[in-house]
Every structure is written in structure tokens, then in C-alpha cells.
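These notes are about the structure you will find just below.
The values are calculated or read from the model by the stated rules, or taken from the named source; none is laboratory data. Remember, predicted model here, so these are calculated numbers, not experimental data. Heads up, the Cβs are rebuilt from the backbone with ideal geometry, glycines too, and the neighbour counts pull from every protein chain shown.
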């Protein structure tokens with residue numbers, strides 16, 4: 001665990017502060033290792049932040065695969081597609097393997113999610129013009145849905161078996 005050097009009380013104090021800050025952040029929500037390192041960068045010049053992060057992993061307080069699962073579930077429930085979730089995961093230092101496992105574990109219907117997001121934002125009526133259709137498609141693309149999912153969402157009609 002944390003080796004406190006009694007000859008350096010200032011370093012021991014900084015180490016305890018950094019550890020407390022990291023634990024406080026993790027108590028509020030899951031964080032990736034990369035996020036925690038960024039939030040602890042004020043301490044990086046004085047202490048070894050990576051040793052603190054290693055200890056938090058050993059204690060089970062921080063886990064990148066658990067963070068990936070939380071990220072995927074949260075963003076999928078908020079109406080985002082796989083591509084946008086991949087982008088967030090990459091920005092937060094989540095490994096591809098962790099993200100892949102989280103996506104597989106979720107077993108989400110991305111086609112239905114795209115359709116639901118279009119309906120939520122634009123209503124049940126189909127677009128009235130090509131400009132309106134392009135606008136709706138761009139919206140879904142920016143939310144991270146694939147072309148197939150977008151076309152499905154645009155083509156779904158009320159009364160379709162898949163629509164209900």
C-alpha cells in the first residue's frame with residue numbers, strides 16, 4: 001500500500017491528500033484511470049500519482065472495465081450510438097477490449113435506439129422535405145449511430161411491426 005516516509009512529512013501529507021481526493025472522486029462516480037490521473041495532476045510533480053492509482057486498483061476502488069460498463073449503459077440510455085460511445089471511451093482512456101466487453105454485455109438494440117431518438121427529437125411524423133430528412137439524419141449521425149441504424153430510424157413507420 002502507501003509507503004509513508006516519516007523523514008518527509010510534507011510528502012506524506014501530499015500523498016494522503018491525493019489519495020483522499022481520488023477516493024472522494026470515486027465515491028461520487030466511476031472514473032477511468034486516465035480521468036483520475038488528469039484530476040490529480042496538481043500532485044504529479046511532488047508525488048508518484050501512478051502508485052496511488054495502482055493501490056486503488058488493487059483495493060478494487062478503481063476499475064477501467066467497470067468504468068466502461070457504466071459509460072456504455074449511461075450513454076446508451078441517454079440516446080447515443082456506438083460510435084459516439086467509442087469516442088468518449090477513447091477520450092477517457094478506456095481500452096478497446098474493455099469497451100467491446102461492455103458493449104457485448106449490454107446487448108442493446110441500437111436500431112430501436114436510433115428510431116426512438118429520432119421520434120423523441122422530431123416526433124412521429126416523417127420528414128416533409130429532403131432538407132428536413134438530411135437534418136434528422138445528421139442529428140442521428142452526430143449522436144453516434146451507424147448509417148444502417150439511421151436508415152432504419154428514418155424508414156420506420158407507425159404501424160410497422162418493428163415500430164411498436
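Some notes on this structure:
- The set of residues in the stretch 77-89 being without any contact (Cβ under 8 Å) to a residue 24 or more places away in the chain, more than 17 Å from residue 62 (Cα to Cα) and within 9 Å of the chain's Cα centre (by Cα) consists of 88 alone.
- Residue 118 falls short on exactly one of the conditions (1) assigned to a loop (DSSP other than H, G, I, E, B); (2) under 21 Å from residue 156 (Cβ atoms); (3) modelled with pLDDT of 95 or more, and that condition is (1).
- Test: residue 96 is closer than 30 Å to residue 112 by Cα, surrounded by fewer than 16 Cβ atoms within 10 Å (Cβ to Cβ) and touching a residue at least 40 places away in the same chain (Cβ under 8 Å): no
- Residues (surrounded by fewer than 19 Cβ atoms within 10 Å (Cβ to Cβ) and either in the same structural domain as residue 120 (by TED's automatic domain parsing) or not in a helix (DSSP H, G or I) (or both)) located in the stretch 68-93: 78, 79, 92, 93
- Residue 74 meets the conditions (1) touching a residue at least 40 places away in the same chain (Cβ under 8 Å); (2) within 22 Å of residue 38 (Cα to Cα) in every case but one. The failed one is (1).
- Single condition residue 60 does not satisfy, out of (1) more than 13 Å from the chain's Cα centre (by Cα); (2) not in a loop (DSSP other than H, G, I, E, B): (2)
- Among the residues making up the stretch 43-56, those that are without any contact (Cβ under 8 Å) to a residue 24 or more places away in the chain and either touching a helix residue (DSSP H, G or I) at 6+ places or on another chain (Cβ under 6 Å) or within 19 Å of residue 92 (Cβ to Cβ) (or both) are 44, 50, 54.
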